[in-house]
Amino acid sequence: MDGLVEELLRLETLKHQALIKIDATAYEAGVREQICLLAASKDAPVQVRNVERLLSLSQLITLNTRLLQNLISTTPLFQMTGSAYTARGRAEAAPGKPRVFVEA
């Protein structure tokens, strides 16, 4: 699980940099990579030895969520739409709940 946390932290850092640069394409790529990684590792052991790295990941996810919410409300590149991601990282229309759509 520690390897998964490290990889998720790396991808979340890339997403953070994309949000700071308002690079919708890089953000989208990071989201797709994370979805694929999580789908591929759903049967991984759940024991975590390095709690500090897990805490760092949690804090970065929280920060990125706030940054994304800010961008959605202030930047036309980030908007709400009816698409959603599958486990393979593909965007598909999802009835009901609106999802985040990133347009470059």
Inset, instruction - Return the FRET efficiency for the residue pair GLN47, GLU6: r is the Cβ-Cβ distance, R0 is 22 Å, and the value is rounded to the nearest 0.05. - result: 0.90
Inset, instruction - Once you have the Cα-Cα distance between LEU37 and ILE72, take 0.36 nm times their residue separation minus that, and quote the gain in nm to one decimal. - result: 10.1 nm
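Laboratory data are not the source of any read-out in this text; all were calculated from the coordinates shown. No experiment lies behind these values; they were computed from the predicted model shown. In this analysis, Cβ positions are derived from the backbone assuming ideal geometry, glycine residues included, and neighbour counts consider all displayed protein chains.
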